[in-house]
Amino acid sequence: MAAEQIRQPQADDQCPSPAQRERGEPSRSDGGVRGNETALALRLGLRQIKGFSQAAAERIVAARIAAPFRNVVDLTERARLNTGERALLANAGALRALSGHRHRARWDSAGAELPLPVLTGAAALETQITLRAPSLREDVMTDYATQGLSLTLHPLALIRPALARRRVVPARVTMQVENHGRRLRCAGLVTVRQHPGTAKGVTFITLEDETGIVNVVVWQRLAEKQHRVLIEAGVMAVDGKLEAVEGVHHLIADRLHDYSALLPEFSFASRDFH
């Protein structure tokens, strides 16, 4: 499913990360399964949810065209969603408009079983309980686990204070002309590793944080010396010298650091090419 509606930007909107902008992915104000709401918004499609089938998405669209969803039970009945499909929606935050936060959505979806034919349309009475809302960190980590990205906050923003204590500068600093030729320490999610056969042993890495990307050049000698960090780190810091040639900025690495322990629950797969 593609994004469906557009609204005027609001002050509290979250911007997509650099990698999301590169892939042309939109921002959103809430999850993908909407109830009876009037605000227009640009949202991620249900296809973004890992493991969610096109058939289930099409049933949701067809049912929603007929009438807005009142709640998760109504969604379950009219879109004929099974337990696994409901769980995927709840975990991805796609039921926010119907249930609120993820913990409530999981509770609601777990109790929204398809009724027996004789009970179709019957109202279910259930005692409401109070559930703790997920923390910001929990929401961001779950976004990445279920969708591979988050429009709530970039993971590096969660650990920026810890990075600052380690003298790590944001990626945007590498774009400042006055820093050309300086030694810097940058860190980010490893989004790309490239080791072209024509590059004479050079490995190229792309790091992403909440402010932009850093292009890193790792010479063969360093790659061999720190091979494990190079191939295993999900969150990497790089010490090196910043060089800028014809508007292209590179950090020439002389030391690599594995900072994955700062986000131990983080799940993200880089795009590696050899």
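The values are calculated or read from the model by the stated rules, or taken from the named source; none is laboratory data. Source: prediction; values computed, not measured. In this analysis, Cβ positions are derived from the backbone assuming ideal geometry, glycine residues included, and neighbour counts consider all displayed protein chains.
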Q. Residues of the range 130-149 being polar (S, T, N, Q) and either more than 13 Å from Asn91 (Cα to Cα) or touching a Cys at 6+ places or on another chain (Cβ under 9 Å) (or both), which ones?
A. Thr130, Ser135
Q | Residue check, Ala3 modelled with pLDDT under 50, touching a strand residue (DSSP E or B) at 6+ places or on another chain (Cβ under 6 Å) and either surrounded by 14 or more Cβ atoms within 10 Å (Cβ to Cβ) or in a helix (DSSP H, G or I) (or both) | A | no
Q) What number of residues in the range 163-222 are loosely packed, with under 15 Cβ neighbours inside 10 Å, polar (S, T, N, Q) and either outside any strand (DSSP E or B) or over 24 Å from the mean Cα position of the chain (by Cα) (or both)? A) 3
Q: Take the range 58-101 and flag every residue that is surrounded by 17 or more Cβ atoms within 10 Å (Cβ to Cβ), touching a residue at least 24 places away in the same chain (Cβ under 8 Å) and over 24 Å from Pro134 (Cβ atoms).
A: Arg64, Glu77
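Just need a number here: residues in the range 223-267 that are in a helix (DSSP H, G or I) and polar (S, T, N, Q). If you could, list the steps in order and put the result at the bottom.
Start the filter on the range 223-267 by keeping residues that are in a helix (DSSP H, G or I), which leaves 223-225, 227-232, 260-262.
Restricting the remaining residues to those that are polar (S, T, N, Q) gives 260.
Summing the residues that are in a helix (DSSP H, G or I) and polar (S, T, N, Q) in the range 223-267 gives 1.
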